[in-house]
Amino acid sequence: MASDDCITMAEVREEIDRLDRVLVKLIAERQGYIEAAARIKPRKDEVRLPWRIEDVVAKVLAEASKQGLSKRIAEPVWRELIDRCIEHEHEIWENAHISDTEKV
């Protein structure tokens with residue numbers, strides 16, 4: 001149902017819940033690529049690349065503008081998503097690249 005077609009809060013909530021399920025699926029897919037990056041990157045200092053963070057945010061903001069998504073929503077949401085993904089990637093990178101004897 002389109003947002004303009006909703007006439008009750010129950011309809012709005014149902015659609016938001018539906019979209020949240022879709023977003024979770026998409027973010028889980030994104031996480032898979034983050035994990036692949038951790039596996040592929042040879043050096044830990046490649047996990048956080050400031051230029052790449054800004055590149056991603058710029059692309060997101062351009063798409064947000066096209067889709068009518070407020071920059072005030074898009075930018076902080078993606079910056080937080082990126083930060084959390086980098087933390088996750090660091091953990092995966094260490095598990096993939098540091099031997100058990102080095103972890104102790």
(message) within 21 Å of Tyr33 (Cβ to Cβ), at pLDDT 95 or above and loosely packed, with under 11 Cβ neighbours inside 10 Å: is that true of Glu91 in this structure?
(response) no
(request) Determine whether region 38-50 contains at least one residue that is surrounded by 10 or more Cβ atoms within 10 Å (Cβ to Cβ) and small (Gly, Ala, Ser). (result) yes
(request) Filter region 1-38 down to residues that are of a type in the set (Val, Ile, Thr) and either within 22 Å of Arg84 (Cβ to Cβ) or in contact with a strand residue (DSSP E or B) (Cβ under 6 Å, 6 or more places away or on another chain) (or both), then give me how many there are. (result) 5
(message) Test of understanding: among Gln67, Gln31, which residue is loosely packed, with under 11 Cβ neighbours inside 10 Å and within 19 Å of the chain's Cα centre (by Cα)?
(response) Gln67
(message) Out of the helices (runs of 4 or more DSSP H) lying entirely within region 38-104, which hold 2 or more residues that are of a type in the set (Lys, Arg) and over 25 Å from Ala28 (Cβ atoms)?
(response) 71-97
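The values are calculated or read from the model by the stated rules, or taken from the named source; none is laboratory data. These numbers were taken from a predicted model, which means no experiment stands behind them. For neighbour counting, all protein chains shown are included, and Cβ atoms are generated from backbone atoms with ideal geometry for every residue, glycine included.
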